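Below: one structure, written as structure tokens.
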Amino acid sequence: MRLVALTYGTEGDTRPVAALCRALMDAGNDVTLLADRSTLGSARDLGVPHAALAGDIRGTLQAISSTPSDGARRFNLNANAKALVRLANENADAWMRQVLELAAGSDGLIVSGLAAYIGFSAAEKLNVPAIGAGMIPLTPTSAFPSPMLPPHSMPRWLNRFSYHLVANLVWLAFRKATNLARTSVGLPPGRKIWTGHPMLYGISPSLLSQPADWPDNAWMCGQWVRPVREWEAPASLKSFLSAGDAPIYVGFGSMLGFDPRPLLDVVIAAVGGQRTLFNPGWSGADSLDLPPNFCVIDDTPHDWLFLRTSLVIHHGGCGTTHSAARAGVPSVVLPFGADQFFWAEQLRQRGIAANAGNSRNVKAATLSRAITAAQTREMRERASAVGAKMRTEDGLAKAVERIHALIARSRS
């Protein structure tokens, strides 16, 4: 079976799709991944054939962070969202042509992220099935509101409506460029949002139960992560880990568009003298001065590293949220925007994360209290139990099984 996977976003968007591609390859399939160039490191590490889509998401977001509006900790969500929409729209035609060229003769497309509309359109042009892949719930349900809306922003009876609201707003932002790309390859303009296609979610049912009112073409598979088998930690990291108790981990992934110095000062004050690992991610904070109890690390496999930590302080991205919970360690989440508030709430509901507010207005005293709460025996025990349950799940195997069944059904 020949498949093409298509996604566009930050590393948190690409990494799980790369893991899915590797699992499909291990099951005997020919798979190629298309994604942003700066996020393809996981594909290279896994030996997944890949190609870079037009555009530069990291450079686009760095341009925003280099000119903060007020020099404060504020994360400019509106500016980032507008920049991503503009990036996708400017490259819609190029993406369409790249996908059609690469996917010619394929048996199906796996589509995700900012490139989803182009993926659905390309599948239509090629007359092959399209399978959606998501790291946040996109299928309407009355169980909880759209993760893209602020928590507690509407009454429960509007939960299902919230998904239609978000979907229509997103389609409105991408419709013109998507339709121009469609007409350029002989497709009619799309007049309504794509529905009815199968959706696979790289989400753990231990963190978020599959809603009872989901249709039978949507599945919560479990986290899409490849276990680390042969990874050698740098000598500096080995030395730091062996020099004392399990440290706190601090990292905010691919977050850009904010001044990291004020937030890092809050973190330094809150952890006190506790041993701390810090991953600057895309923030550029690796150039900042840090106290001697901090060890700065490069990107390190979360499923290897988090097992060796006592606590994970993070931004609430889906991947980091899952990996911290899977490792069986508590979290303190400082969301920046989008679905990160949703994942912070899921961890809090399960009693495995302490509330510290958000990245924009957190105070050192508040964060210090959250760290203390997350390090209690009760929270550690709950986190350990959730982690043990998650480690019994095989989200990749379930997704591969579903993809095989869906492609076979499309041929019959």
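Restricting the first member to segment 378-389 and to residues that are free of Cβ contacts under 8 Å to residues at least 12 places away in the same chain, and the second to residues that are acidic (Asp, Glu) and surrounded by 15 or more Cβ atoms within 10 Å (Cβ to Cβ), no beta-carbon pair is closer than 9 Å while six or more apart or on different chains. The lone criterion from (1) at pLDDT 95 or above; (2) part of a loop (DSSP other than H, G, I, E, B) left unmet by residue 219 is number (2).
Assess whether residue 393 counts as being exposed (fewer than 15 other Cβ atoms within 10 Å of the Cβ), over 23 Å from residue 261 (Cβ atoms) and charged (D, E, K, R). Break it down stepwise before answering.
Working: exposed (fewer than 15 other Cβ atoms within 10 Å of the Cβ): no; over 23 Å from residue 261 (Cβ atoms): yes; charged (D, E, K, R): yes.
When the stated conditions are applied, residue 393 does not pass them.
Criterion applied to 160, 86, 156, 97 was being within 28 Å of residue 28 (Cα to Cα), basic (Lys, Arg) and assigned by TED's automatic domain parsing to the domain that holds residue 207, and the one residue passing it is 97. For segment 124-139, the tally of residues that are assigned to a loop (DSSP other than H, G, I, E, B), crowded, with 21+ Cβ neighbours inside 10 Å and not aliphatic (A, V, I, L, M) stands at 1. Does residue 215 fit the bill of being more than 20 Å from residue 327 (Cα to Cα), of a type outside the set (A, V, I, L, M, F, W, C) and surrounded by fewer than 17 Cβ atoms within 10 Å (Cβ to Cβ)? Judged against the criteria, residue 215 is a match. Residues in segment 85-112 that are more than 16 Å from residue 185 (Cβ to Cβ), surrounded by 18 or more Cβ atoms within 10 Å (Cβ to Cβ) and free of Cβ contacts under 8 Å to residues at least 60 places away in the same chain: 87 alone. Return yes when residue 293 is within 23 Å of residue 40 (Cβ to Cβ) and either at pLDDT 85 or above or not small (Gly, Ala, Ser) (or both) and no when it is not. Judged against the criteria, residue 293 is not a match.
Enumerate the helices (runs of 4 or more DSSP H) found wholly within segment 303-387, keeping only those where 3 or more residues are surrounded by fewer than 22 Cβ atoms within 10 Å (Cβ to Cβ).
Numbers: elements: 318-327, 340-349, 364-374.
Filter on segment 303-387 gives 340-349, 364-374.
One residue alone among 214, 157, 171 is over 26 Å from the mean Cα position of the chain (by Cα), over 30 Å from residue 310 (Cα atoms) and of a type in the set (Phe, Trp, Tyr), and that residue is 157.
Per-residue answers, yes or no, for (1) touching a strand residue (DSSP E or B) at 6+ places or on another chain (Cβ under 6 Å); (2) outside the structural domain of residue 159 (by TED's automatic domain parsing); (3) under 21 Å from residue 264 (Cα atoms); (4) among the β-branched types (Val, Ile, Thr):
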{"site": "289", "(1), (2), (3), (4)": "no, yes, yes, no"}
{"site": "295", "(1), (2), (3), (4)": "yes, yes, yes, no"}
{"site": "315", "(1), (2), (3), (4)": "no, yes, yes, no"}
{"site": "330", "(1), (2), (3), (4)": "yes, yes, yes, no"}
{"site": "345", "(1), (2), (3), (4)": "no, yes, no, no"}
{"site": "349", "(1), (2), (3), (4)": "no, yes, no, no"}
{"site": "356", "(1), (2), (3), (4)": "yes, yes, yes, no"}
{"site": "360", "(1), (2), (3), (4)": "no, yes, yes, no"}
{"site": "367", "(1), (2), (3), (4)": "no, yes, yes, no"}
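Selection of first residues in segment 347-371 that are at negative phi and at pLDDT 90 or above and of second residues that are part of a helix (DSSP H, G or I) and of a type in the set (Ser, Thr, Tyr), restricted to Cβ pairs under 7 Å at least 6 apart or on distinct chains, gives the following pairs, ordered by first then second residue: 347/321. No other residue among 153, 142, 146, 162 is in contact (Cβ under 8 Å) with a residue 40 or more places away in the chain, more than 19 Å from residue 84 (Cα to Cα) and not basic (Lys, Arg) apart from 142. In this structure, does residue 194 turn out to be under 28 Å from residue 32 (Cα atoms), surrounded by 17 or more Cβ atoms within 10 Å (Cβ to Cβ), over 18 Å from the mean Cα position of the chain (by Cα) and of a type outside the set (Ser, Thr, Tyr)? For residue 194, the condition - under 28 Å from residue 32 (Cα atoms), surrounded by 17 or more Cβ atoms within 10 Å (Cβ to Cβ), over 18 Å from the mean Cα position of the chain (by Cα) and of a type outside the set (Ser, Thr, Tyr) - is met. When residue 147 is tested against (1) modelled with pLDDT under 95; (2) not in a loop (DSSP other than H, G, I, E, B), exactly one condition is not met: (2). Assess whether residue 350 counts as being out of contact with any Gly (no Cβ under 8 Å at 6 or more places or on another chain), more than 22 Å from residue 151 (Cα to Cα) and among the basic types (Lys, Arg). Considered against the rule, which asks whether it is out of contact with any Gly (no Cβ under 8 Å at 6 or more places or on another chain), more than 22 Å from residue 151 (Cα to Cα) and among the basic types (Lys, Arg), residue 350 comes out as no. Need pairs with beta-carbon distance below 8 Å; first residue in contact (Cβ under 8 Å) with a residue 60 or more places away in the chain and in the same structural domain as residue 323 (by TED's automatic domain parsing) and within segment 228-244, second among the basic types (Lys, Arg) and in a helix (DSSP H, G or I); sequence gap 6+ or separate chains. Cβ pairs passing all conditions: 241/308.
The condition (being closer than 19 Å to residue 322 by Cβ and hydroxyl-bearing (Ser, Thr, Tyr)) is satisfied by just one residue among 112, 121, 142: 112.
The values are calculated or read from the model by the stated rules, or taken from the named source; none is laboratory data. Bear in mind that the values here come from a model prediction, so they are computed numbers and not experimental data. Please note: Cβ atoms are built from the backbone with ideal geometry, for glycine as well, and neighbour counts cover all protein chains shown.
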